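The values are calculated or read from the model by the stated rules, or taken from the named source; none is laboratory data. These numbers come from a predicted model, not from an experiment. When we count neighbours, we look across all protein chains shown, and the Cβ atoms used for this are built from the backbone with ideal geometry, even at glycine.
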Amino acid sequence: METPDIEFQDEANTLNFQSASDKFYNVLQNDLPEFTQLFTNPEKQHMMFYAALRSIDGLKDNKTKLAVYLRSIGVKHKMLGLTHYHMEIGRNAFEQAIFAGGKDLTHDQRQFYIDSFSQIEKNMGF
Ligand code: HEM
């Protein structure tokens with residue numbers, strides 16, 4: 001029997017933020033062509049999702065701070081004028097992103113990120 005590669009197993013058990021972000025932008029750009037035009041600064045577009053996922057991940061053991069952070073994201077997107085329609089497309093992109101970047105995550109680990117999306121939507125009143 002082969003000796004398991006411990007380092008690889010550790011890596012496999014965390015979300016790959018880069019793969020998740022690539023997927024998120026690919027799906028959104030395909031399903032929401034006006035997506036790019038919503039951005040005031042093109043550089044921000046590439047940072048938006050990646051940075052947010054990292055922050056959400058870093059706050060997973062601090063429910064209070066996580067709630068504050070998710071509220072700020074909800075408020076920001078409400079101000080940007082994102083509608084329920086945008087968020088439905090966003091949810092599909094988000095779920096695909098978590099699957100793409102978290103192939104080896106457990107159901108509960110994936111659910112944590114998906115619940116965070118639901119929280120953002122809820123904060124937007126959807
Ligand atoms: C329907 C899906 C989404 C769309 C269309 C969208 C679009 C945008 C746009 C247009 C901006 C503003 C960028 C600018 O000012 O140039 C933005 C900012 C941001 N978005 Fe999203 N977004 C979506 C979903 C999400 C999700 C799910 C998250 C978190 C996981 C997120 C996190 C952020 C963050 C952290 C910012 C920066 C806020 C700041 O400037 O303080 N977005 N988003």
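Could you list, ordered by first residue, the pairs with Cβ atoms under 8 Å in which the first is in segment 69-83 and within 9 Å of the ligand (Cβ to nearest atom) and the second is of a type in the set (Gly, Ala, Ser), at least 6 apart or interchain?
Here the result reads Tyr69/Ser55; Leu70/Ser116; Ile73/Ala52; Leu82/Gly90, each pair linking segment 69-83 to a residue that is of a type in the set (Gly, Ala, Ser).
Kindly provide the set of residues from segment 70-85 that are in a helix (DSSP H, G or I) and of a type in the set (Ser, Thr, Tyr), ordered by number.
Once the filter is applied, which keeps residues that are in a helix (DSSP H, G or I) and of a type in the set (Ser, Thr, Tyr), segment 70-85 yields Ser72, Tyr85.
Out of Phe117, Phe99, report the one residue that is closer than 18 Å to Lys23 by Cβ, surrounded by fewer than 17 Cβ atoms within 10 Å (Cβ to Cβ) and hydrophobic (A, V, I, L, M, F, W, C). Step through it out loud before you land on a result.
Numbers: Phe117 fails: surrounded by fewer than 17 Cβ atoms within 10 Å (Cβ to Cβ).
Going through Phe117, Phe99 in turn, the sole match is Phe99.
Considering only segment 23-40, I want to know if a residue exists there that is farther than 21 Å from Met87 by Cβ and touching a residue at least 40 places away in the same chain (Cβ under 8 Å).
Going residue by residue through segment 23-40, those that are farther than 21 Å from Met87 by Cβ are none.
No, segment 23-40 contains no residue that is farther than 21 Å from Met87 by Cβ and touching a residue at least 40 places away in the same chain (Cβ under 8 Å).
Counting only residues that are at pLDDT 95 or above and more than 11 Å from the ligand (Cβ to nearest atom), how many does segment 84-104 have?
Of the residues in that region, 5 qualify.
When you look at Lys122, is it basic (Lys, Arg), within 12 Å of the ligand (Cβ to nearest atom), part of a helix (DSSP H, G or I) and more than 12 Å from the chain's Cα centre (by Cα), yes or no? Before the answer, list the steps.
Numbers: basic (Lys, Arg): yes; within 12 Å of the ligand (Cβ to nearest atom): no; part of a helix (DSSP H, G or I): yes; more than 12 Å from the chain's Cα centre (by Cα): yes.
No, not satisfied.
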